[in-house]
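Just dropping this structure here.
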Amino acid sequence: MNQLQKMIIETFITTPFQQNTRVLACEETRKAVCVDIGDSAQIISNFITENNLDLQAIALTHAHLDHIGGVSDLHKLFPLAEIILHADDEDLYYGLPEQPLFMGIPREQLKALGLEYEVPPKVTRNWQDNETYAVGKLEFKILHCPGHTPGHVVLAEETIRKVFVGDCLFAGSIGRTDLPGGNFEQLMSSINDKILLLGDDFTVYTGHGDETNIGREKATNPF
Ligand SMILES: [Fe+2]
């Protein structure tokens, strides 16, 4: 693969949970994916159109509501885009309307909080562990990293040295494991045996909060 290809990375902070929705694109071919989408589909659609990008997929790291709440609206605007999710998160995905309830939010408050969801459109493809997923000239290695949810994946671009980790790892912290399907031992193993092995120079793009890098988290993350 040539070393010169460039990645467009645009971050949109969405939902009351301050989720980082990202559009990633190959600068040369204009092929793009939206990695997770909490809401704000119209704003994201405008960015895609204005930048002459071709959205090939909504690429989901996992199926928590703040990462998938905008899938329905974005897919209505880009009906040909694939929706890709690991099979082990499909129960969470299709259970989206019920997710706020198991987070302890009373049903009568859902509307006021903007957390009333319809069942999202059908997943069109499942991530496979260790597959390579191409977006134009970008190549993402897909790593199944369960723990925060059973079907969580991270997307690692090994040439450009960037990894998109969803809610596995944060700057100075890790993802919560107290929600249904969460497992602390699994999460630690996903982080230690997969994500941290990518290399200290990898920039880490997290599902919430600021970017970091693997070397810094190895040295300073209390977990
Ligand atoms: Fe999450």
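Can you give me the number of residues within region 111-151 that are in contact with a Pro (Cβ under 6 Å, 6 or more places away or on another chain) and open to solvent by less than 10 Å² (accessible area, probe 1.4 Å)?
Final tally of qualifying residues: 1.
Can you tell me how many residues in region 174-204 are under 15 Å from Phe223 (Cα atoms), touching a Phe, Trp or Tyr at 6+ places or on another chain (Cβ under 7 Å) and surrounded by fewer than 20 Cβ atoms within 10 Å (Cβ to Cβ)?
Residues flagged as under 15 Å from Phe223 (Cα atoms), touching a Phe, Trp or Tyr at 6+ places or on another chain (Cβ under 7 Å) and surrounded by fewer than 20 Cβ atoms within 10 Å (Cβ to Cβ) within region 174-204 amount to 1.
Still on this structure: Among the listed residues Ser40, Ser72, identify the single one that is in contact with a Phe, Trp or Tyr (Cβ under 7 Å, 6 or more places away or on another chain), at pLDDT 95 or above and of a type in the set (Gly, Ala, Ser).
Checking each option against the conditions leaves just Ser40.
State whether one or more residues within region 209-222 are touching a His at 6+ places or on another chain (Cβ under 8 Å) and within 16 Å of the ligand (Cβ to nearest atom).
No; the residues of region 209-222 include none that is touching a His at 6+ places or on another chain (Cβ under 8 Å) and within 16 Å of the ligand (Cβ to nearest atom).
Counting just the residues of region 46-73 that are hydroxyl-bearing (Ser, Thr, Tyr) and open to solvent by 10 Å² or more (accessible area, probe 1.4 Å), which one comes out farthest from the ligand (Cβ to nearest atom)?
Restricting to residues being hydroxyl-bearing (Ser, Thr, Tyr) and open to solvent by 10 Å² or more (accessible area, probe 1.4 Å), the top hit is Thr49.
Here are some conditions: (1) on the phi > 0 side of the Ramachandran plot; (2) in contact (Cβ under 8 Å) with a residue 40 or more places away in the chain. Asn130 meets all but one. Which one does it not meet?
Asn130 satisfies all of (1) on the phi > 0 side of the Ramachandran plot; (2) in contact (Cβ under 8 Å) with a residue 40 or more places away in the chain except (2).
In addition: Of (1) open to solvent by less than 40 Å² (accessible area, probe 1.4 Å); (2) on the phi < 0 side of the Ramachandran plot, Lys6 satisfies all except one. Which?
Unmet for Lys6, out of (1) open to solvent by less than 40 Å² (accessible area, probe 1.4 Å); (2) on the phi < 0 side of the Ramachandran plot: (1).
In region 77-110, what count of residues is obtained for those that are part of a helix (DSSP H, G or I) and open to solvent by 60 Å² or more (accessible area, probe 1.4 Å)?
So the answer is 9.
Restricting to region 152-163, name every residue that is of a type in the set (A, V, I, L, M, F, W, C), surrounded by 20 or more Cβ atoms within 10 Å (Cβ to Cβ) and either farther than 17 Å from Gln128 by Cβ or within 13 Å of the ligand (Cβ to nearest atom) (or both).
Those that are of a type in the set (A, V, I, L, M, F, W, C), surrounded by 20 or more Cβ atoms within 10 Å (Cβ to Cβ) and either farther than 17 Å from Gln128 by Cβ or within 13 Å of the ligand (Cβ to nearest atom) (or both): Val153, Val154, Val163.
The values are calculated or read from the model by the stated rules, or taken from the named source; none is laboratory data. If you're wondering where the values come from, they're calculated on a predicted model, not measured in any experiment. We place every Cβ from the backbone using ideal geometry, glycine too, and count neighbours over all the protein chains shown. With ligands, DNA and RNA removed, areas are computed over all heavy atoms of the protein, side chains included. Shrake-Rupley method; radii C 1.70, N 1.55, O 1.52, S 1.80 Å.
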